[in-house]
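Below: one structure, written as structure tokens.
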Number of protein chains: 2
Amino acid sequence: MALEHAILVSLLEQPGSGYELARRFERSIGYFWTATHQQIYRVLKRMEGESWIDAREVAQQTRPDKKEYSVTALGRSVLTQWLHEPIAPESVRHELAVKIRGAAFDDPIALIREVERHRQAHADRLARYLAGERRDFTGPEAPAAHDAGQELQHVVLRGGIAYERMTLAWLDDVIATLHRLGPQA
Amino acid sequence: MALEHAILVSLLEQPGSGYELARRFERSIGYFWTATHQQIYRVLKRMEGESWIDAREVAQQTRPDKKEYSVTALGRSVLTQWLHEPIAPESVRHELAVKIRGAAFDDPIALIREVERHRQAHADRLARYLAGERRDFTGPEAPAAHDAGQELQHVVLRGGIAYERMTLAWLDDVIATLHRLGPQA
DNA sequence: TCCTTCTATGCAACTCGTTGCATAGACAAG
DNA sequence: CTTGTCTATGCAACGAGTTGCATAGAAGGA
């Protein structure tokens, strides 16, 4: 399971509350892992019970109080151990591809709108990734000196960018193929 | 849930037993969806109970008897309906990327072997995909005439190939980045 | 004033997916 | 002759992930 480890990495990069973690999972960590707040709160509770992290109550004026979590020495050693274990190469789950092969038993033309919708979603994600890259790494406002953590964040972001670019090109191929099949289907 | 729909598509392409489906999920369907035999048998049972598919007992001499499933008219209409519903653009889950960002809190050099192992796994997959493409679509032995189903299978396979190529290039980038960081880490 | 959004945390129920185990005959290699 | 692999199906238990709901104060817009 990687959610716990993704949380450990994120809290090492910057301590924070469950709510803040949930927002990071919509942004930078979302490049490679997703999680809802319910999942995060549940796992945080378990991780605190196992003393991988500890909580500090932070009172706030205009906003509800929050619990800020930090990684303990034990949590850090748990992460280190996991980093040294091999993991299985990830397996793909692409629901849209199921639909594309299913289109052989339906109307290929009808699927084009759906594929275009997905294309738009990926184009939006790519734009967000590129904006983030300019802001944090390549733009004129970006910090000049990069430590190891930033270099690694950047290479992961480059992976997200490459993924979205590849997906856009493939979806164009899919749309062209569906168009070609349309008339005689 | 797409497993049911992936099974419907696969059984429409070719009726078969749970065991045969499990093997297809290691091959062509595995380009975009994975499932173990336990999952498949369980879902087949449910689908049969809902009359989306029906089973035919096939006695075999040298091998155990099997149940060959086919899609019913109801199953086909369930698939058609699903094809016309929008689905959410897929979300990424890349455990290796968690490790890469985690390497900032450990030894980047130690991660190189693991990344190279993944690179090899993706290179192997790409080779299998390309062999399948030559066999079924682009090679001299491939059937000349392609119907809609084959065109759609091919475009999905092209997606798998593009994904593996993109991943290989990215993993090279990752390895180079880890090497650069090694010395001063 | 009311409606919505944002911050912040959480429970309960459910479905999906994984892991370990079990059965059982056929066949091939050592 | 024993060990391992392949075909073929399945149960049980667990862990991961989703969906719906609930609370509650602050801020901002219609």
*Considering only the other residues whose Cβ falls under 13 Å of the Cβ of residue B:110, what net charge follows from Lys and Arg at +1 and Asp and Glu at -1?*
-2
*Please build a GNM for chain A, connecting alpha carbons under 10 Å apart, and tell me which residue among A:134, A:101, A:93 fluctuates the most.*
A:93
*If we hang a label 7 Å off Cα along the beta carbon direction at residue A:62, how far is it from the matching labels on the other copies, in nm, shortest first?*
7.8
*Any idea what the residue B:137 label distances to the other copies are, label 7 Å down the Cα→Cβ vector, nm, shortest first?*
3.0
*222 nm [θ] for chain A, helices only, -39500 (n - 2.57) per DSSP H run of 4+, per residue, to 500?*
-19500 deg cm²/dmol
*Over region B:1-108, relative contact order from alpha-carbon pairs under 8 Å, at least 6 apart, %*: 26 percent
*Across region B:72-185, how large is the tail of the calculated P(r) beyond 20 Å, expressed as a percent of all Cα pairs?*
61 percent
*Cβ-Cβ FRET estimate between residue B:74 and residue A:70, R0 fixed at 51 Å, reported to 0.05*: 0.40
*asked:* Give me the one-decimal Kirkwood hydrodynamic radius in Å for the protein assembly as shown, with the sum taken over alpha-carbon pairs.
replied: 22.9 Å
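So, with +1 on the Cβ of K and R and -1 on the Cβ of D and E, and no other charges, what is the size of the charge dipole of region A:91-185 about its Cα centre, to the nearest 20 debye?
Values: 13 positive and 14 negative charges, 40 e Å.
In total the dipole reaches around 200 debye.
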*Across the residues of B:124-137, average count of Cβ atoms on other protein chains within 10 Å?*
0
*Grab the beta carbon distance between residue B:14 and residue B:175, set R0 = 45 Å, and tell me the FRET efficiency rounded to 0.05.*
0.65
*Give the calculated FRET efficiency between residue A:59 and residue A:127 to the nearest 0.05, with a Förster radius of 51 Å applied to their Cβ-Cβ distance.*
0.85
*Quick one: B:82, A:170, fewest Cβ neighbours within 10 Å first, how do they rank?*
B:82, A:170
*Dipole of region A:129-183 [Lys/Arg +1, Asp/Glu -1 at C-beta], most positive-end residue of A:161, A:146, A:175*: A:175
*Provide the net charge surrounding residue A:29, with neighbours chosen by a C-beta distance below 12 Å and charges set as Lys +1, Arg +1, Asp -1, Glu -1.*
+2
_Just to be sure I understand the model, the point goes 7 Å from the Cα along the line to the Cβ. What's the resulting residue B:36 to residue B:23 distance in nm?_
2.1 nm
*asked:* For Cα pairs less than 8 Å apart in space and 6+ apart in sequence, what is the mean separation divided by the residue count of chain B, i.e. the relative contact order in percent?
replied: 20 percent
*Inter-chain Cβ neighbour average for residues A:50-60, partner chain, 10 Å*: 0
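Here, each number is a calculation from the coordinates, and none is a lab measurement. Note that the coordinates shown come from a computational prediction; the quantities given were computed from them, not determined experimentally. Backbone-built Cβ (ideal geometry, glycine too); neighbour counts: all protein chains shown.
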